[in-house]
Every structure is written in C-alpha cells, then in structure tokens.
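Take a look at the structure below.
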Amino acid sequence: MAPVTKEAKKHITGGETDGGITSSYATNDGIKLKVPYSFMGSIYDEAEEKAVLAAMHQDTLTMGPKTAEFQKKFAALHNVKHALAVSNCTTGMHVATQLFNIKPGDEVIVTPNTFIATSLVILKEGAKPVYADIDPVTFNIDPKCIEKLVTPKTKAIYCVHYAGLMCDMDPIMEIARKHKLYVLEDCAHAPCAEYKGRRAGSVGDIGVFSFHSLKNITTCGEGGMITTNNDEFAKGAENLRCMNLDHWKPELTDFEFDGITLKKESKLDYWIPSHFDVKSWNGHWGNNYRMNEIQAAVGCVQCDKAEMLTNRRREIGLALNDGLKGIKGITPVYDPEGYRHVYHLYTICVEEKELGASRDEFMRVLYREEGIQTILHYQPSYHFSGVKAAYKYPRNLCPHAEAFFYKRETNLPMHPKLTDEDVKTMIQGIKNAAEKMRSRGK
C-alpha cells in the first residue's frame, strides 16, 4: 500500500499532523458544524501562562520543584499516600505492569472497551490480555465476567473507569483478594471521580491517570500520574520511571572497583564514587518516563481548577441527561447514586429496534444535517490486527462490548467550554435526527 501523503493527511485530519486521531478530529469535508468535537478537554487562561513562564526561568526543567508540588497536590486531591508524575498514562501503566512483576506466560484480565494502551502495556511485558465483557449499562468491566476468567496464570485485573464513571470496585477487589491478584485502575477518564466516597486511583493497588489534551485535567498535551498507597510500589515507580537510577550508598558498604577501595567509614566528597548508581527493580529495567517542569507547573494550576472543571462537566452532563430523557431509541448516560461521574465522555446509545434505524444512519443525519459531530470509543482491543495475530482470540468474544462499539454507542462533544446554548443545540439536534430517522423508516 502506498504511504499516506502530507496532502492526504491534511484532508483526513484537518491539518498537517503526525498524530492522526490522537491529535485532531477535524475532517475538512465541507460540513458546516454547529457543535464540533473539540480536542481540548480543559480550560487554560492567564494562570497557566504565568506558571509556564515562571517554570522556564528555573535552573531545572525536569523533575524539579514544580513536579514535587504537582505530585503533592494530586495526591491530596485523590486521597492517596503517593503520587508520581510520568510522561503519560501509557508509560505509567507500563511501570505498574513491571511493579506487578508481570512476565511472559502470565495473564491479565482487562476490559476490551478501552484505548489500546491498556492492553499494550500487558503485551509489552510478554503477557496475555484476557478480555472480560462489559456491563451493557455502565460500559465498564463486568465483575460477574471477571471471576470466570481467573486461572492459575492470572496475575492481575486491569479495570478502566470508562467515560468518568468508576467501575463497581468492591466486587472487583473481593475477587482480587480471593485469588491474590493485583488491581490496576486505569483512571485516564476519571480524575476526581468517586465510588462510595472513595476517589479514583485510591481503591486498587495502583491508579494511573492521563493528562492528554482531551482529558479533564491536561498538561500541555501529554502527561500522566501514578497513584498508590503502597510504599514499596512508590519506591519502585521512582526507580522505573527514571532509568533505574539510584544513589550510591558507600556509607553502608565498602566500594571496590578497578583497584579503588573505599571503606564505608570514609568521609567522601559528593562526587565519589560517582553521581548515581543503576539497579534493576525486581529484575525489570525502566525507561525515561519523566515529566518536565513546564507540564508540572500547568498541572499545579489544573489541580487548583479541578473542582471547577469537574462541576462544569457535571452540569453539562446532567443537563444532557435531562434533555435527552424520553427520546425513543436514544439512551442517555447512566449516572447512578453512590458514584460521582465526571463526564470525560458523554456516550449516548442508539437502540436500533426502537429508533427504526442503525447507529451509523443516525450519526450521518446528526452530523450532515444537524451539524453535531460525534465520535466512537472504543473498538474492542482484541480486534486490532496485531493483538488478534498474537493470541487468535475467538469470534464474538465479548458480545456486549462488540454490540456497544459496532452498533450502539457514539460520543457527543463534552468539555467545560461548552455553552448552555451548545447543550441546547445538541439536545435539539438529537431530537431532530431521531424524528427524521423514524419518519424515513415509515
């Protein structure tokens, strides 16, 4: 197949970008949009600008005082003992996978309804992702499906708080304790989300967050955070996110190398024996997964805004829930008691039998005639060519997840900059599109 040219890429993405769907949803297809799907999930103003400029005048631009401050603020925001900044959510989950000592031949139970990164970190360590189906109402991993999949090879459960609604964590943790499994919370969608009074990233063994430009809290396009209450995991994360660097501790043991002998009782200069040591963590080698100071400075400001940003998303989400209620063939978001849904995504489901038209037919009318741009998340991970080739997963492996992606769901624009008028336009556009589909089906 011929490579995609720059001109073709411009047409596909709406600009010259190497990120494709990870950096733009623009199409430049001539459709006049009333409410486009935005690629910025937060709000920046003068506070972020000042923070960036101040950070640029520091002596250090990576893993410095702003990173320490960001980690402290984020840990307090999520009621956890430790928060460790990383370059993005994927690298944070890779560190967690190494901390769990996941190895070739191991199995990890995971949802198929997630960005490929959640499976990728398992595959990267040579283990097998084992997919549990989703609950058709919450779209999160179904605890009832998890326990059926546990085998002697199972080492962990990776759950994803889809769209900002936390998974039903109590039964998941009960299964994990029963079978001595680790639990990773993929919190990419869920900063400040709550489940029975507990915040995302505080329930499992490790939580990992994303600060990509689409997310509820963002740090200049990329960034991530590992959270844990486990002291040993925190030490390991510090080691693995920064190339296994450690400090020499000659005061604890004699040091001998190439004819040089230093006794532990010796008083040493700060550069002796050298600036750092390197040690593997439980047999695992890390990488450069550090966050820079400019991102961390922005993250500090975003933490200060987190409740405002979350409350605005919830206002928009609840207004959509109310406005879309009762439209035949359209299911709005489920927002149960005991949870704090933070509406990273707003996912509606099109019920084909009730509407009298398919999801794709509905999306075409909503987009082309009503000017509302929606997108799909997520194709079941085991349907990607590389994953399918690696483990030859059977057909119809997770029926609810497959029906969800291929037939039911689509996501409305959702970010805190939406106006009340935008919300009304979306509600009316969905009502109009649904009515058109019913009338055309007669």
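Worth pointing out:
- Residue match in the range 44-61 (condition: of a type in the set (Ser, Thr, Tyr), assigned by TED's automatic domain parsing to the domain that holds Thr228 and part of a strand (DSSP E or B)): no
- Every pair of residues 6+ apart whose Cβ atoms lie under 7 Å, when the first sits in the range 419-440 and is over 22 Å from Arg314 (Cβ atoms) while the second is of a type in the set (Val, Ile, Thr): Lys431/Ile327; Ala433/Val365; Ala434/Ile327; Ala434/Ile330; Lys436/Val365; Met437/Val365
- Subset of the range 66-79 [crowded, with 23+ Cβ neighbours inside 10 Å and assigned to a loop (DSSP other than H, G, I, E, B)]: His78
- Qualifying residue in the range 372-384 (condition: within 26 Å of Met40 (Cβ to Cβ) and in contact with a Gly (Cβ under 9 Å, 6 or more places away or on another chain)): yes
- Of the candidates Thr67, Thr62, Thr27, the single residue that is among the polar types (S, T, N, Q), within 24 Å of Ala190 (Cβ to Cβ) and in contact with a helix residue (DSSP H, G or I) (Cβ under 9 Å, 6 or more places away or on another chain) is Thr67.
- Leading residue by the ranking (surrounded by the fewest Cβ atoms within 10 Å (Cβ to Cβ)) among those in the range 224-236 that are farther than 15 Å from Gly201 by Cα and of a type outside the set (Asp, Glu): Lys235
- Only one of Ala389, Ala401 that is of a type in the set (Gly, Ala, Ser) and either modelled with pLDDT of 95 or more or in a loop (DSSP other than H, G, I, E, B) (or both): Ala401
Condition check ((1) of a type in the set (A, V, I, L, M, F, W, C); (2) within 19 Å of Val160 (Cα to Cα); (3) surrounded by fewer than 21 Cβ atoms within 10 Å (Cβ to Cβ); (4) touching a Phe, Trp or Tyr at 6+ places or on another chain (Cβ under 7 Å)) across all residues:
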| site | (1), (2), (3), (4) |
| --- | --- |
| Tyr382 | no, yes, no, yes |
| Ala389 | yes, no, yes, no |
| Cys398 | yes, yes, no, yes |
| Ala401 | yes, yes, no, no |
| Glu409 | no, yes, no, no |
| His415 | no, no, no, no |
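- Residue match in the range 182-201 (condition: more than 24 Å from Thr67 (Cα to Cα) and of a type in the set (Asp, Glu)): yes
- The lone exception for Pro129 - which of (1) in contact (Cβ under 8 Å) with a residue 60 or more places away in the chain; (2) part of a loop (DSSP other than H, G, I, E, B) it fails: (2)
- Selection count, the range 402-435, where residues are within 18 Å of Ser358 (Cβ to Cβ) and either touching a Pro at 6+ places or on another chain (Cβ under 8 Å) or of a type in the set (S, T, N, Q) (or both): 7
- The condition of being more than 29 Å from Asn396 (Cα to Cα), crowded, with 22+ Cβ neighbours inside 10 Å and not acidic (Asp, Glu) holds for only one of Val350, Val342, that being Val342.
- Boolean, Glu307 is surrounded by 21 or more Cβ atoms within 10 Å (Cβ to Cβ) and farther than 30 Å from Ala434 by Cα: no
- Verdict on Gly429 being surrounded by 20 or more Cβ atoms within 10 Å (Cβ to Cβ) and not assigned by TED's automatic domain parsing to the domain that holds Val130: yes
- So Glu315, is it of a type in the set (D, E, K, R), closer than 19 Å to Ser42 by Cα and not in a strand (DSSP E or B): yes
- Matching residues in the range 26-48 - criterion: being surrounded by 14 or more Cβ atoms within 10 Å (Cβ to Cβ), over 19 Å from Asn411 (Cβ atoms) and charged (D, E, K, R): Glu48
- The numbered conditions (1) out of contact with any Asp or Glu (no Cβ under 8 Å at 6 or more places or on another chain); (2) part of a loop (DSSP other than H, G, I, E, B); (3) under 14 Å from Pro112 (Cα atoms) are all true for Asn396 except (1).
- The range 132-141 - residue that is assigned to a loop (DSSP other than H, G, I, E, B) and in contact with a His (Cβ under 9 Å, 6 or more places away or on another chain) and, of those, surrounded by the most Cβ atoms within 10 Å (Cβ to Cβ): Phe139
The values are calculated or read from the model by the stated rules, or taken from the named source; none is laboratory data. Remember, it's a predicted structure, so these values are computed and weren't measured experimentally. Don't worry about glycine lacking a Cβ; one is built from the backbone with ideal geometry, like all the others, and counts go over all protein chains shown.
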